[in-house]
1. If I take R0 = 22 Å and measure r between the Cβ atoms of residue 173 and residue 223 in this structure, what FRET efficiency does the formula 1/(1 + (r/R0)^6) give, to the nearest 0.05?
2. Which value, in debye to the nearest 20, describes the size of the charge dipole of the stretch 146-263 about its Cα centre when Lys and Arg Cβ atoms bear +1, Asp and Glu Cβ atoms bear -1, and nothing else is charged?
3. Would you work out what percent of the accessible area of the chain, with all protein chains in place, is carbon or sulfur (probe 1.4 Å)?
4. Could you work out the mean projected area of the convex hull around the alpha carbons of the stretch 153-244, in square nanometres to one decimal?
5. Rounded to whole Å, give me the distance from the Cα center of the stretch 80-106 to that of the stretch 169-219.
6. For a protection proxy built on the mean count of beta-carbon atoms within 10 angstrom, sort 129-136, 222-229 highest first, please.
7. With label points built 7 Å along Cα→Cβ from the Cα atoms of residue 141 and residue 182, find their separation and express it in nm.
8. Run the numbers for residue 254 and residue 39: contour at 0.36 nm per residue of separation, minus the present Cα-Cα distance, in nm.
Amino acid sequence: MKKFFALLMAVMMLTVALTGCGAGNTDTTDASENGADTKVITVATNAYFPPYEFYDDNNEIVGIDMEIMQLICNKLGYEMKIEDMEFDTIIAAVQSGKAQVGAAGMTVTEDRLLEVNFSDTYTTAKQVIIVPEDSAIKSADDLTDKKIGVQLGTTGDIYISGDVEDGLYGNATVEQYQNGITAVQALSQGKIDAVIIDNEPAKVFVEQNEGLKILEAEYIEEEYAFAIAKDNTELLDEINATLADITASGELQAIVDKYITAE
Ligand code: ARG
């Protein structure tokens, strides 16, 4: 184990030395576990999260995360393959090497940082609360004794489940759905009282389902980044350098603007 660590350190230092000159580096030799000859990057996502990742009318997975990752792969000379999976399996897929990158509107959290590395953040987001238009719920404080819907394994789930378990919301219960839209549909049907989810998907879902609104009082602020295996620091450095490039050039913002119209 010690030996491995020493080797890892040596590789990391070498990587830093090699990529020190920054984004101009076109050496795409992939030292990841998937072999040096393949330049395919498998991107794990959960494609039920518009505008970050979703199926378009042609049944193709599109969205902000997918376009950012595609641009990064193009710049690095990698071929990108998308793998759609349940959100709560993405980190394990990245850890095991089944995927090299997790791109899923994924919030950086302390707990996840124990399992994977995160790239530099590429956007900020908020957890918001969706309720029926005529709901008496005005803020998180009114969630006491309510039925609250979330997408399983998301930060919305983790935060509210923790608070409910700690007894902060009386007899409130948390209903975990496999994806956000199913939670919102359950809300539309009156099966639950509120849904906690990220703000941009919330806007899309509220537009698609009549009679719902997003509360102005936000629940929690967070930041999104791409997840990469702890031992793949080479790819982490490459992605961060490219993210810096496409931020400076305005290409990243152009992708965001394509999907989110400024208010
Ligand atoms: N930002 C939240 C999280 O990281 C939700 C992300 C859900 N993403 C998705 N593609 N379904 O937990």
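The values are calculated or read from the model by the stated rules, or taken from the named source; none is laboratory data. In this text, all values refer to a predicted model and were calculated from it rather than measured experimentally. Positions of Cβ are generated from backbone atoms using ideal geometry, with glycine treated the same way; all protein chains shown enter the neighbour counts. For accessibility, only protein heavy atoms count, side chains too; no ligands or nucleic acids. Shrake-Rupley method; radii C 1.70, N 1.55, O 1.52, S 1.80 Å.
1. 0.15
2. Its charge dipole is roughly 660 debye.
3. In the chain, the share of accessible area belonging to carbon and sulfur is 51 percent.
4. Details: hull surface 33.6 nm².
One quarter of the hull surface, i.e. the mean projection, equals 8.4 nm².
5. If you average the Cα positions of each part, the centres end up 24 Å apart.
6. Details: 129-136: 16.5, 222-229: 23.0.
Taking the mean over residues of other Cβ atoms within 10 Å, the ranking is 222-229, 129-136.
7. 3.5
8. 74.8 nm
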